[in-house]
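J.: One structure, as structure tokens, below. Some questions next.
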Amino acid sequence: MKVLVADKFEKSGIDGLAAAGCSVVYEPDLKDESLTRAIATSAADVLVVRGTKVTAPMLDAGRLALIVRAGAGYNTIDVAGASSRGIYVSNCPGKNAIAVAELAFGLVLALDRRIPDNIAELRAGSWNKKEYSKAQGLYGRTLGLLGVGSIGREMIRRAAGFGMNVVTWSRRFDGERRPITEIEARELAVEGAMRAVSIELAPTPADVASRADVLSVHVALAPETKGLVNRGLLAMLKPGSIFINTARGEVVDYDALAAAVKERGLRVGLDVYANEPASATAPFHDDLAALPTVYGTHHIGASTDQAQEAIAAETVRIVRSYKETGRVPNVVNLARRTPATHMLVVRHRDRPGVLAHVFSHLRQANLNVQETENIVFEGAEAAVARINLDGEPTDSLCDTIKRGNADVLDLHLVTL
């Protein structure tokens, strides 16, 4: 199996792929047309990328069967295009959660104590203890979280360490206003935090904003989260509140955020932006990032050695599983529900040609097989095939299938 790695990738990952029996082509600077050519000339089965865009022409250029996003978000990949071509898209969720949470909390601390401004004045030769002694502190204040996925959970743990209460909203708990239960705390792995501070659910993102001293965004980019943080939500924040975005630039209306900074004194920490350069180094200007109460970093949330090693190991696991079993962990583009309306359950002797007989008659009846699995009993004498169909086979068709092959023992139909 040939793997094309078209982004910066840990040596441990390259070595792990080679140890799994893969032929690895490592060209971390590929993008656009050069990547399209490399996919064609390398005949790669698997493409590994981080932030590099994967477009439809790239999908058509070669023989890709699997694209692995060495990270969590996959908005830079044409997932719909991959789905229509039967190409798996997989990612590495949760492996960078600690790194992102560390940066997010670093921005919170930096904003509360104005650390970068302190440093800048000292380097400029100015001592201004009077000005920089002004800070509210974090203990006893409320951290608002939009999203309680893997990163949001790490934020809860760190909030507890600083004595901050937590109020959160997520699509999982949409519309609920109450403390989390012990069972939920255990499921989220925040039992220790629950014993130290208050953790409550809020029914809407706006409700979180109204109660928060610090609001941090940790939702995945999806059609329903694009522009989630808009002018109305920002208006719910208290003047002088801290706002953090280490998720995706598209989740926030940055024009509205800039207005809130100017009009309501919000202090903002950003690791992501509306228009980021495509390359690792490039000129960059952003009016919001240039405001004095906005602290920005260079989309480095996941960029710790620990996180990258974990992502590399997960990438190797995904590719190894595909190579050795044909199964792909963490697939993001399989149908949650197919058009199948009925399941034909066929109990049969485990003999050559039995399923070919079944499928031949289904094809003649113009019934499309959406999904199928064949379970073999101990001893490999008999098996059961479950065949999901996009329509209902007639009684006469079922009778023809059953009577037409002596190795078909029985069959029945299930409505899905």
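J.: Name the shape class, rounded, prolate or oblate, that the alpha-carbon gyration tensor gives for the range 321-410, where a ≥ b ≥ c are the square roots of its eigenvalues, rounded holds for a/c under 1.5, and otherwise prolate holds if a/b is larger than b/c and oblate otherwise. Don't skip to the answer; put the middle values down first.
T.: Working: a/c = 2.54, a/b = 1.28, b/c = 1.99.
Since a/c reaches 1.5 but b/c is at least a/b, the shape of the range 321-410 is classed as oblate.
J.: Another one. So how strong a dipole does the range 240-385 carry about its Cα centre when Lys and Arg Cβ are +1 and Asp and Glu Cβ are -1, to the nearest 20 debye? Before the final figure, lay out the partial values.
T.: Working: 14 positive and 17 negative charges, 143 e Å.
In debye, rounded to 20, the range 240-385 gives about 680.
J.: Could you check what % of the DSSP bridge pairs in the range 116-265 are antiparallel, to the nearest 5?
T.: Numbers: 2 of 19 bridges.
If we restrict to bridges inside the range 116-265, about 10 percent are antiparallel.
J.: If you restrict to DSSP beta bridges whose two residues both lie in the chain, what percentage is antiparallel, to the nearest 5? Working shown, then result.
T.: Working: 25 of 65 bridges.
Counting only bridges with both partners in the chain, antiparallel ones make up about 40 percent.
J.: Can you tell me the relative contact order of the chain? Whole percent, Cα pairs under 8 Å, sequence separation 6 or more.
T.: The normalised contact order for the chain reaches 14 percent.
J.: Cα gyration tensor of the range 270-353, axes a ≥ b ≥ c as square roots of the eigenvalues: rounded (a/c below 1.5), prolate (a/b > b/c) or oblate? Walk me through the numbers before you get to the answer.
T.: Numbers: a/c = 4.51, a/b = 2.44, b/c = 1.85.
Judged from the Cα gyration tensor, the range 270-353 comes out prolate (a/c at least 1.5, a/b above b/c).
J.: Can you send over the solvent-accessible area of D117, 1.4 Å probe, protein chains only, in Å² to the nearest 10?
T.: 50
J.: So how do T293, T246 rank on accessible area, 1.4 Å probe, biggest first, that is with the largest at the start? Don't skip to the end; give the middle numbers.
T.: Values: T293 55, T246 15 Å².
The ordering from most to least exposed comes out as T293, T246.
J.: Report the extension gain between Q306 and K238 in nm, rounded to one decimal, defined as 0.36 nm multiplied by the number of residues separating them, less their alpha carbon distance.
T.: 20.9 nm
J.: Rounded to the nearest percent, how much of the accessible area of the chain (1.4 Å probe, protein heavy atoms only) is carbon and sulfur?
T.: Here it works out to 50 percent.
J.: Name the aspartates and glutamates eligible as straight-distance cross-link partners of K402: C-alpha to C-alpha under 14 Å, and not fewer than 8 places from it in the same chain.
T.: Of all the aspartates and glutamates, those that pass the test against K402 - Cα under 14 Å, at least 8 places apart if same chain - are D410.
J.: List the pairs from K53/K238; K8/K262; K95/K134; K130/K238; K8/K238 whose alpha-carbon separation is above 29 Å, in the order I gave them.
T.: The pairs that break the limit, which is 29 Å between Cα atoms, are K53/K238; K8/K262; K95/K134; K8/K238.
J.: Given the DSSP H assignment, sum -39500 (n - 2.57) over each helix run of at least 4 residues in the chain and divide by its residue total; what's the result at 222 nm in deg cm²/dmol, nearest 500? It would help to have the intermediate numbers written out before the result.
T.: Numbers: 16 runs with 149 residues, N = 416.
After summing the helix terms and dividing by the residues of the chain, the value is -10000 deg cm²/dmol.
J.: Can you give me the Cα centroid spacing of the range 362-380 and the range 291-327 in angstrom?
T.: Each part's Cα centre sits 38 Å from the other's.
J.: Right, another one. What number, in percent, do you get for the relative contact order of the range 271-373 if the mean sequence gap of Cα pairs under 8 Å and at least 6 apart is divided by its residue count?
T.: 16
J.: Could you state how much accessible area R264 has, in square angstrom rounded to the nearest 10, with a 1.4 Å probe and all protein chains kept in place?
T.: Probe radius 1.4 Å; accessible area of R264 about 60 Å².
J.: A further question follows. Going by Cα centres, the range 146-169 and the range 19-74 are how many Å apart?
T.: Their Cα centres are 35 Å away from one another.
J.: I need to check one value: relative contact order of the range 25-184, counting alpha carbon pairs closer than 8 Å and at least 6 residues apart, in percent.
T.: 15
J.: Of [x] 29, 60, 11, 0; [y] 22, 43, 27, 6, 1; [z] 26, 57, 16, 1, which one was derived for P(r) over Cα pairs in 20 Å bins from 0, in percent from the structure shown?
T.: So the calculated entry is the one marked [y].
The values are calculated or read from the model by the stated rules, or taken from the named source; none is laboratory data. Since this is a predicted model, take the numbers as computed values, not measurements. Heads up, the Cβs are rebuilt from the backbone with ideal geometry, glycines too, and the neighbour counts pull from every protein chain shown. Surface accessibility is based on the protein's heavy atoms, side chains included, excluding ligands, DNA and RNA. Shrake-Rupley method; radii C 1.70, N 1.55, O 1.52, S 1.80 Å.
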